[in-house]
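One structure below.
The values are calculated or read from the model by the stated rules, or taken from the named source; none is laboratory data. On a predicted model such as this, the values are computed, not experimentally measured, just so you know. Methodologically, a virtual Cβ is constructed for each residue, glycine included, from the backbone with ideal geometry; neighbour enumeration extends over all protein chains shown. To get the accessible areas, we keep the full protein, side chains included, count just its heavy atoms, and leave off ligands, DNA and RNA. Shrake-Rupley method; radii C 1.70, N 1.55, O 1.52, S 1.80 Å.
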Amino acid sequence: MAKIVFALNQSLDGFVDHDHTAFQPDPVLFRHFIDDVRGMAGSLYGRRMYETMRYWDGDHFEWDAPEREYAAAWQSKPKWVVSRTLKSVGPNASLIEGELAAAVRGLKAQHEGEIEVAGPELAHSLTELGLVDEYRLYLHPVVLGHGKPFFAGPRPPLRLVASDRIGEQVIRLTYVPA
């Protein structure tokens, strides 16, 4: 059975903003993300995060070798997209239709390994349904003062199970529901 993992970059004051340059990974963190994607069973996205990540479906001439490596890993993994407005999705992606809880329980039952959920609103919905098995907060040394919070709703009781320094600037905190 697969494990649902909510993992996302965030500022010290708890906000996520993927357009902010402070979240640009150093080479060590980027290598970590390449290896992370390679090891996943797939990714579960809300519409906005999926549209952001579609960048990696391309083939950009300016990419360096690690960016090409990340893109190849990302393209090879299945993606499931929760959206009421999208009518179609890109390669190796499927729209989740119908009841969210049943669809995600089905994904967990059909797959082994980790399915990463990206996007605080989708993660909030899955948290309310009791379907998130692990939270990974990648803390960057920046204070944004605004934006979308990592936890889009009430925080569930959590228990810290690991803390790791990744690269020069980032700490990953790993929590499970208490």
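How much area per residue is accessible in the chain when the probe is 1.4 Å and only protein heavy atoms are counted (Å²)?
51 Å²
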In whole percent, and with a 1.4 Å probe on the protein chains, what portion of the accessible area of the range 3-177 is carbon and sulfur? 52 percent
Taking GluC sites (Glu not before Pro) in a DSSP loop with at most 15 other Cβ atoms within 10 angstrom as exposed, one finds the longest site-free stretch of the chain at 1-61
Excluding exposed DSSP-loop trypsin sites (Lys or Arg not before Pro) (at most 13 other C-beta within 10 Å), longest clean stretch of the chain: 88-178
How long are the semi-axes of the ellipsoid equivalent to the range 3-177, from square roots of 5 times the Cα gyration tensor eigenvalues, in whole Å, largest first? 23, 21, 16
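Can you give the calculated 222 nm mean residue ellipticity of the chain, where each DSSP H run of n ≥ 4 adds -39,500 (n - 2.57) and the sum is split over every residue, rounded to the nearest 500 deg cm²/dmol?
Value at 222 nm, helices only, nearest 500: -8500 deg cm²/dmol.
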Could you give the length gained by full extension between residue 21 and residue 88, i.e. 0.36 nm per residue of separation minus their alpha carbon distance, to one decimal place? 21.1 nm
Using modelled amide H (1.01 Å from N, peptide plane; none on Pro or chain starts), what sits under 5 Å from the amide H of residue 94, excluding residues fewer than 5 places away? 79, 80, 81
